[in-house]
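Please read the structure below before turning to the comments.
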Amino acid sequence: EPEVTQTPSHQVTQMGQEVILRCVPISNHLYFYWYRQILGQKVEFLVSFYNNEISEKSEIFDDQFSVERPDGSNFTLKIRSTKLEDSAMYFCASSDYGTGVTEKLFFGSGTQLSVL
Amino acid sequence: GQNIDQPTEMTATEGAIVQINCTYQTSGFNGLFWYQQHAGEAPTFLSYNVLDGLEEKGRFSSFLSRSKGYSYLLLKELQMKDSASYLCAVIFGTGFQKLVFGTGTRLLVSP
């Protein structure tokens, strides 16, 4: 079965540093998402992306966050100046909404971000 | 509001049946998903309900009542590997672009 891939699997950074989390969505999917899960807490929506622009974002997704689809395959999440509270597992997801198939999300295996 | 409530933890024995409930208090409901998540891993899709009734898929079934804001996930013939968190997630509004997750129910299956 096709899958969403994320790199790196673990990222350790110092507070205030910039990080870029990378994702390769499933090739024929149209919608891309970032979610995060702080340890022991629920999965939280960050942002959705369609047709090369953000379609929806949550309150968490403030000015320090940005997303980009730099080419036809990658989808990135950038955190400009990391804070301790950004430590979480970040999941990329994609869906094939619009093809008539159930709009389920396919999640990547996640990037565990640790901000020290 | 977009509250989604699930029990925090449940326990069951191998071979048994368990029902995990989910209630949601919101308008703009547009569908409900159940995902399975093993510790440290990504959520994986189990089921999707948009109309009232029962959807059966092998050992797993999911039920929805839109008027009651209620869903359940039924797991039959439990296996040890079913020990995981089960996440209820709801789509709101007209766009299929944002899932709101509940806190998840951690299921422990014992021999």
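My understanding is that a pair violates if its Cα-Cα distance is over 30 Å; which of A:LYS42/B:LYS57; A:LYS57/B:LYS57; A:LYS78/B:LYS81; A:LYS78/B:LYS68 do that in this structure?
A:LYS57/B:LYS57; A:LYS78/B:LYS81; A:LYS78/B:LYS68
Residues of chain A: accessible area per residue at 1.4 Å, in Å²? Could the numbers behind the result be given before it?
Numbers: 5880 Å² over 116 residues.
Computed with neighbouring chains in place, this is 51 Å² per residue.
How much accessible area per residue does chain B have, in Å², with a 1.4 Å probe? Please list the in-between numbers first.
Numbers: 5220 Å² over 111 residues.
That works out to 47 Å² for each residue.
Am I reading the A/B interface right? What is its buried accessible area, both sides, 1.4 Å probe, to the nearest 100 Å²?
On the way: alone 6670 and 6060 Å², together 11100 Å².
Chain pair A/B: roughly 1600 Å² of buried accessible area.
Antiparallel as a % of all DSSP beta bridges within the protein assembly as shown, to the nearest 5?
Details: 73 of 82 bridges.
The antiparallel fraction comes to roughly 90 percent.
At a 1.4 Å probe, which residues in segment A:32-65 are at least 50 Å² less accessible with all protein chains present than in their chain isolated?
Residues shielded by partner chains are A:LYS42, A:VAL43.
On the accessible surface of the protein assembly as shown, probed at 1.4 Å, how many percent belong to carbon and sulfur atoms? Intermediate values should be presented prior to the final figure.
Working: 5290 of 11100 Å².
Of the solvent-accessible surface of the protein assembly as shown, carbon and sulfur hold 48 percent.
How much net charge surrounds B:LEU54 when only other residues with a Cβ under 15 Å from its Cβ are counted (Lys, Arg +1; Asp, Glu -1)? Intermediate values should be presented prior to the final figure.
Values: positive: B:LYS57, B:ARG59, B:ARG66, B:LYS68, B:LYS76; negative: B:ASP52, B:GLU55, B:GLU56.
Computed value for this residue: +2.
Please list, in chain and number order, the residues 5+ apart from A:THR5 or on another chain whose amide H is under 5 Å from its amide H, with Hs placed from the backbone.
A:VAL24
Just read off the accessible area of B:MET80 with the full protein assembly in place, 1.4 Å probe, to the nearest 10 Å².
About 80 Å², rounded to the nearest 10.
Relative contact order for chain B: what percent, with Cα pairs under 8 Å and sequence separation of 6 or more? Walk me through the numbers on the way to the answer.
On the way: 281 pairs, mean separation 40.4, N = 111.
Normalised by residue count, the contact order of chain B is 36 percent.
The values are calculated or read from the model by the stated rules, or taken from the named source; none is laboratory data. This structure is a prediction, so every number in the text was calculated from the model and none was measured. As a convention, Cβ positions derive from the backbone with ideal geometry for all residues, glycine included, and neighbour counts pool all protein chains shown. Accessible surface areas use protein heavy atoms only, side chains included; no ligands, DNA or RNA. Shrake-Rupley method; radii C 1.70, N 1.55, O 1.52, S 1.80 Å.
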